[in-house]
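Report on one structure; see the data block that follows.
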Amino acid sequence: MISLSLTPTSSWYLILSAVLFAIGTFGVLVRRNPLVMFMCIELMLNAVNLSFVTLARELNDINGQTIVFFVMVVAAAEVVVGLGIIVSIMRNRSAMTVDDLAELKG
Amino acid sequence: MEFFVFVCAALMILLGAVGVIVRKHPVHAALSLVLTLFGVAVLFVAQEAHFLAAVQVIVYAGAIVVLFLFVIMLLGVDRVENLRTEPLTAQRPLAIITCLGLVGVLVAAIVNGNGVLNERGEGINLPDLQNGPDANTVQLAESIFSRYVVAFEVTSVLLVIAVVGTVLLTRKAKSSAK
């Protein structure tokens, strides 16, 4: 069980990471602005990064931090491609929500 | 001391994350995202991942958020989402239930699995007099450039593909077919 002493153990970090992940999930489900949805995906990626670093310290293993490095690189590439898609879709439209993209033919 | 750092960083992270999902202006959401990213960087430092904390500040809080703000400016800053109306019926209660369930499952797994995993790594070097001040960076570099060097090279290909694909996606289409 979680110890009640005032030194943060790994469980504290992991629970914080779980809460952050759930907040990101909620944002992706609820928000309609594609940019804000992307920010919520970044929140989820950061939650996973936090738990990777926590487990790297817990298991005394540097490979967890290596994975976080690769996750950051892939996240940067993903943001670049995603924002490119959003710009190319939204450039000629006045609407700003994903609900306006319901039809297949633009 | 570590308790104080953890509480402050956790407050930064949670306030920023809630700010991202409740602020209706996308610029405010992006600035709340910066708060969260800095909080995560603080927790990285608190867990001796110094290089990753630096990369977090430079890449995430620097480059990615600037990219977000740039796109917001490009598409027009005055398009504010109306958060009062619910586009789909009963979507928000369902989303709240889903997310609470997600937190419940994850916390139960964390509390149950506490101490199940054993130390099995070769150890993380901490900066001290013997290892030098850049011990974390050196060890991470040794890991990336020896064991994961193939993944590192593939990552460079991925970045090139992302850049070329974005240029292709966002260029103006030719006005008339040839």
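The values are calculated or read from the model by the stated rules, or taken from the named source; none is laboratory data. Here the structure is a predicted model, which means the values were calculated and not measured. We place every Cβ from the backbone using ideal geometry, glycine too, and count neighbours over all the protein chains shown.
List of remarks:
- Taken as a whole, the structure places B:Ile144 among residues that are part of a helix (DSSP H, G or I), surrounded by 13 or more Cβ atoms within 10 Å (Cβ to Cβ) and at pLDDT below 95.
- The listed residue being exposed (fewer than 13 other Cβ atoms within 10 Å of the Cβ), in a helix (DSSP H, G or I) and of a type in the set (Val, Ile, Thr), out of B:Val150, B:Val138: B:Val150
- Residue selected from region A:39-57 under the condition more than 7 Å from chain B (Cβ to nearest Cβ) and in contact with a Leu (Cβ under 7 Å, 6 or more places away or on another chain), by the criterion surrounded by the most Cβ atoms within 10 Å (Cβ to Cβ): A:Ala47
- Hey, B:Val105 outside any loop (DSSP other than H, G, I, E, B), under 20 Å from A:Gly64 (Cα atoms), more than 7 Å from chain A (Cβ to nearest Cβ) and free of Cβ contacts under 8 Å to residues at least 12 places away in the same chain or not: no
- Helices (runs of 4 or more DSSP H) completely within region A:5-106 that count 2 or more residues being at pLDDT below 90 and over 20 Å from B:Ala162 (Cβ atoms): A:10-30, A:34-59
- Test for A:Thr25: is it facing another protein chain (nearest Cβ under 7 Å), over 22 Å from A:Ala77 (Cα atoms) and of a type in the set (Ser, Thr, Tyr): no
- For region A:23-40, a tally of residues being hydrophobic (A, V, I, L, M, F, W, C) and in contact with a Gly (Cβ under 9 Å, 6 or more places away or on another chain) returns 5.
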